[in-house]
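**Q** Pasting a structure below so you can have a look.
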Amino acid sequence: MLATLALMFTAVASAAEAQKPPPLAVEPFNADEAKAHQEVWAEQIDQPVEVTNSIGMELRLIPPGEFMMGSPETEQGRRDSEGPRHRVQITNPFYLGSYEVTQAEYEHVMDRNPSRFRRIRGQDTSRFPVEMVSWADAAEFCRRLSKLREERSAGRVYRLPTEAEWEYACRAGTSTPFHFGSAMDSRDANCVDYATCSASQTSLPLQRTTTVGSYHPNGFGLYDMHGNVGEWCADWSGGYGANALREDPQGPRSGCYRVIRGGGWPNIPRQCRSAFRGATLPVTRRNFLGFRVVLVPAE
């Protein structure tokens, strides 16, 4: 009898252990470890690491994790709004667009292309990021994309990333100012950095947007998290408050300005850092403002 009970308890314990979720991806971790976290969580939720939806958008699985949000006081170019640096947990996996939403994708869903850079001689701008979109435009894109028949059938719901989700995904386990290190110039991302210019025309800043994915991805496989276009986030702009552990912060309940992350083509490197926080009125439309989307995994 005792032996039978022991076997039963062992079986129950083994089953519980088998159902136990994988550990959080806790910063710091490198690109290989980021990929391993993605793969183990893809297996956990029985979903692929990369999803391509019905209009051809590619999205990458971002595993739950923990990181230090904001910048240390010693970081060059730091602004007071980036502190206090505090620990944040992202408790649920989500998919984030591998690329910023392109002009072609936006036009497919919204039946219009408002972009300033939609006609450039000798360039196919369909894969340029859409710009001249307000926060409300970006949110409406998510709503309409979610309502497409193929997306409804697949149980897919889209939204803008929270500010915490964006920074966690951008850093991909790093704590440096940029996901690739401590310094950035116009060879690393589409930004303005005249310090690296030479007589060669190819080294000059583009002074416009460019094809998404033109630069190296981060550890999670996300492109253009620095530069090209600034990206709208879901949050109202506000301070971080007390330096404490937080789970899935959503930002203030109300406000005047919406958060913009990542910096764009007219920004200098310090304005494209992982921790840099921009904000503007949600009705603002500029030729350096775009977005990428979150897909919530189906239950």
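The values are calculated or read from the model by the stated rules, or taken from the named source; none is laboratory data. Since the structure is predicted, the reported quantities are computational estimates derived from the model, not experimental observations. All Cβ positions, even for glycine, are placed from backbone atoms using ideal geometry, and neighbour counts span all protein chains on display. Quick note on the areas: whole protein, heavy atoms, side chains included, nothing else; ligands and nucleic acids left out. Shrake-Rupley method; radii C 1.70, N 1.55, O 1.52, S 1.80 Å.
**Q** In the chain, what percent of the accessible surface is made up of carbon and sulfur (1.4 Å probe, ligands and nucleic acids excluded)?
**A** 51
**Q** Taking the Cα centre of the stretch 36-122 as origin and charging only Cβ (+1 Lys, Arg; -1 Asp, Glu), how large is the dipole, in debye to the nearest 20?
**A** Approximately 600 debye in magnitude.
**Q** Let me ask something else. Place +1 on the Cβ of every Lys and Arg and -1 on the Cβ of every Asp and Glu in the chain, take the dipole about the Cα centre, and give the residue among Leu24, Val157, Cys233 whose Cα lies farthest towards its positive end.
**A** The residue sitting most towards the positive pole is Cys233.
**Q** Using the Kirkwood radius over C-alpha pairs as Rh, can you work out the diffusion coefficient of the stretch 205-299 via Stokes-Einstein at 37 °C, viscosity 0.692 mPa s, in µm² per second?
**A** 222
**Q** How big is the Kirkwood radius of the stretch 208-264, worked out from every pair of different alpha carbons and given in Å to one decimal?
**A** 13.5
**Q** How much length, in nm to one decimal, is gained on full extension between Ile55 and Cys256, taken as 0.36 nm per residue of separation minus their Cα-Cα distance?
**A** Working it through step by step, the gained length comes to 69.0 nm.
**Q** Taking every Cα atom in the stretch 99-177, find the radius of gyration and the maximum pairwise distance Dmax, and write them in Å.
**A** Values for the stretch 99-177 (Cα only, Rg and Dmax): 14.9, 42 Å.
**Q** Among all helices in the chain defined by DSSP H, which have a length of 18 Å or more along the axis from Cα atoms plus a Kyte-Doolittle mean of at least 0.0?
**A** Those that pass (Cα extent of 18 Å or more, hydropathy at least 0.0) are 2-19.
**Q** Pop a pseudo-label 7 angstrom from the Cα along the beta-carbon direction at both Arg119 and Ala298 and give the gap in nm to one decimal.
**A** Inter-label distance under the simple model: 4.2 nm.
**Q** Taking the simple approach of a point 7 Å from Cα along Cα-to-Cβ for both Leu281 and Met110, what is their distance in nm?
**A** Spacing of the two 7 Å Cα→Cβ label points: 1.8 nm.
**Q** Once Rh for the stretch 39-163 is found with the Kirkwood sum over Cα pairs, what is the Stokes-Einstein diffusion coefficient at 37 °C and 0.692 mPa s, in µm²/s?
**A** Stokes-Einstein gives a translational diffusion coefficient of 193 µm²/s.
**Q** Per-residue accessible area for Thr211 at 1.4 Å probe radius, Å² rounded to 10?
**A** So the heavy atoms of Thr211 present about 50 Å² to solvent.
**Q** Let me ask something else. What number comes out for accessible area per residue over the chain if the probe is 1.4 Å? Units Å², please.
**A** So the chain comes to 48 Å² accessible per residue, rounded to a whole number.
**Q** Using only the alpha carbons, work out the radius of gyration and Dmax of the chain in angstrom.
**A** 20.5, 86
**Q** In nm, what is the difference between 0.36 nm times the number of residues separating Lys147 and Glu33 and their Cα-Cα distance?
**A** Full-extension gain reported as 37.5 nm.
**Q** Follow-up. Count the net charge of all other residues whose Cβ sits under 9 Å from the Cβ of Ala25, scoring Lys and Arg as +1 and Asp and Glu as -1.
**A** That sum, taken over residues with Cβ under 9 Å, equals -3.
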